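Notes follow the structure.
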Amino acid sequence: MAVQKLSSKNQIVIPKEARQAMGVKGGDELLVVVKDDLTLIMPKPKRYAKALQGLAKGVYPADYLKRERRSW
């Protein structure tokens, strides 16, 4: 875990290990998500649809869609 100091211009340096883990380089855009007292920094996806694809896989039982369609 690296400790970074906030500069007088309210900037921080993202450590090399974190940049490599996220796969970002200078000029890339990052998303900053603040939830209560937790702040997440992540690379901005190039395509949101691709980033979300398969996110809910396994949430519903295998036959869920068939049962729903039959109920109509």
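Look at the dipole of the chain built from charges on Cβ: of 45, 22, 3, the Cα furthest out on the positive end belongs to 45. Contact order, relative form, for the chain: 16 percent (alpha carbon pairs under 8 Å, 6 or more residues apart, mean separation divided by residue count). Leaving out same-chain residues fewer than 8 places away, which lysines sit with a Cα under 27 Å from that of residue 5? Result set, ordered by chain and number: 16, 25, 35, 44. Modelled spin labels at residue 14 and residue 39, positioned 7 Å past Cα toward Cβ, are 1.3 nm from each other.
Coordinate-derived values only; no laboratory data. Note that the coordinates shown come from a computational prediction; the quantities given were computed from them, not determined experimentally. Glycine also receives a Cβ, built like all others from the backbone with ideal geometry; neighbour counts cover every protein chain displayed.
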